[in-house]
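Remarks on the structure that follows.
The values are calculated or read from the model by the stated rules, or taken from the named source; none is laboratory data. What you see is a predicted model, and the numbers here were worked out from it, not measured in a lab. Accessible surface is based on the protein model in full, side chains and every heavy atom, while ligands, DNA and RNA are left aside. Shrake-Rupley method; radii C 1.70, N 1.55, O 1.52, S 1.80 Å.
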Amino acid sequence: MKIVFKTCSDEKELLGILHLQKENLPVNLSPEEIISQGFVTVLHSLKDLQQMNHIEQHIIAKSDDIVIAYLLAMTVKSSNAIPILIPMFDMFSKIEYGGKPVASYQYIVVGQVCVDKNYRGQGILDECYVAYKEHFKNKYDFAITEIATANLRSINAHKRIGFKEVHHYIAPDQQEWSIVIWEW
């Protein structure tokens, strides 16, 4: 089984991302799976993924031509495309990193990450992030994302990769979030 790490290049791959998203939404997971395996928060439309991928290509992992993992790429240019994510971009304009506002940097947002449950624990997320960094390091100062603190698997995975928390907040819906940055 050969796993290929690459940029997302066609509609079939975008549909593969959507398939993984749907499988990993909290409504499709047991409470035990949410705690032990993590979850994704947003279900994108195909149009949203296409628009985002047109600005900056997502990083995917494929096995036998099937998408088994992805890291979405978002930029300020796509900040208004997905209404649920507008508050995240607003937060980036209010917090500082290195003594200046996050919004003053050139940054790439890790829009969401997911690894197929049958491929977890094999280092695939780490390899996806290696590809992400290689693809974006010459264009952006760092990668930034926010993670629901209830998503312990994701929090721990991002710490392992090297992300550092720069802000912590509770959203109006009482969901607790950690904003993390990965310096290249």
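Once the gyration tensor of the Cα atoms in region 46-184 is diagonalised, the equivalent ellipsoid follows with semi-axes of 23, 17, 16 Å, ordered largest first.
Note on the chain: helix-only mean residue ellipticity at 222 nm, from DSSP H runs of 4+ residues weighted -39500 (n - 2.57) and normalised by residue number, equals -9500 deg cm²/dmol. Using all pairs of distinct alpha-carbon atoms, the Kirkwood hydrodynamic radius of region 7-123 works out to 15.3 angstrom. Measuring nothing but how far apart in sequence close Cα pairs (under 8 Å, 6+ apart) lie, relative to its length, the chain scores a relative contact order of 21 percent. Counting every pair of alpha carbons in region 62-129, the share spaced more than 21 Å apart comes to 42 percent.
For the residue pairs LYS6/LYS94; LYS62/LYS100; LYS2/LYS77; LYS12/LYS100; LYS100/LYS133; LYS117/LYS139, the alpha carbons lie more than 29 Å apart in LYS6/LYS94; LYS62/LYS100; LYS2/LYS77; LYS12/LYS100; LYS117/LYS139. When the residues ILE17, ILE34 are ordered by accessible surface, computed with a 1.4 Å probe over the protein chains alone, the sequence from largest down reads ILE34, ILE17. Element breakdown for the chain at a 1.4 angstrom probe: carbon and sulfur atoms account for 52% of the accessible area. For LYS47, a cut-off of 20 angstrom between C-alpha atoms picks up these aspartates and glutamates, skipping any fewer than 8 places away in its own chain: ASP10, GLU11, GLU13, GLU23, GLU56. Solvent-accessible surface of the chain, taken per residue with a 1.4 Å probe and all protein chains present: 51 Å².
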